[in-house]
Amino acid sequence: MSTTPVSICSNALLMLGDNPIADFNEDTDKARLASNLWDTARDYVLRRHPWNCAIKRVILSPDATAPAFDFSAQFQLPSDWLRTLSIGEEGERPRYRIEGRKVLMDENACKLRYIFRNDNPATWDAMLVWCMTRVMRSLFAYPITQSTSLEQLIEQELVQLLRESRAVDGQEDEPEAFDESPLIAARSIGSSGYSPYRGG
């Protein structure tokens, strides 16, 4: 069975003792909750670590209009860009600045290595699938169970799981720098109105 956003959210609900959903468009509160939170949660987790299944390389061409000053060219970031990992080839790192969704440089081409919005969980590493399942369980915990103690316990488990998963994924390549702060900021993810925290 192919892994999908709905299957991941359904497994998260099952872990909380609730029934699964069949579709994000179901006329149920939990389906609306999953639909509202999924995109932001997915992008957040993908952005926080260079998962091997979410890395691309592209060569960008400059825009017709140059920046007003300091740089001679600017390049539009790809529509699926989430985070820049490197610009330029190994050992030849050019001067650049990212402003908005533009890369400003003094080059004729931008060689970009980046984390992209991989929205197809069927192509994800198994550890990323498991992480997203646990992330969604954490976000669902209070709305589904109304238990703050369970919510806190799940969140603590999640931080450790994500740290371990990132470490395993990172062993396949040279080390990448990433934030060590807690990976799940559920208050910001829950800004859709379905906050997983009371009063959030």
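Numbers below:
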{"read-out": "Odd one out for Asp119, checked against (1) touching a helix residue (DSSP H, G or I) at 6+ places or on another chain (Cβ under 8 Å); (2) open to solvent by less than 60 Å² (accessible area, probe 1.4 Å); (3) modelled with pLDDT of 95 or more", "value": "(2)"}
{"read-out": "When residues of segment 80-95 are limited to those that are open to solvent by 90 Å² or more (accessible area, probe 1.4 Å) and not acidic (Asp, Glu), the one farthest from Lys56 (Cα to Cα)", "value": "Arg95"}
{"read-out": "Residue match in segment 123-141 (condition: touching a residue at least 40 places away in the same chain (Cβ under 8 Å), in contact with a strand residue (DSSP E or B) (Cβ under 7 Å, 6 or more places away or on another chain) and surrounded by 13 or more Cβ atoms within 10 Å (Cβ to Cβ))", "value": "no"}
{"read-out": "Restricting segment 20-79 to residues that are assigned to a loop (DSSP other than H, G, I, E, B) and β-branched (Val, Ile, Thr), the residue that is surrounded by the fewest Cβ atoms within 10 Å (Cβ to Cβ)", "value": "Thr65"}
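The values are calculated or read from the model by the stated rules, or taken from the named source; none is laboratory data. Note that this is a predicted model, so its numbers are computed, not measured. No Cβ is skipped: glycine too gets one built from the backbone with ideal geometry, and neighbour counts run over all protein chains shown. Remember, those area values only see protein heavy atoms, side chains included, never the ligands or the DNA or RNA. Shrake-Rupley method; radii C 1.70, N 1.55, O 1.52, S 1.80 Å.
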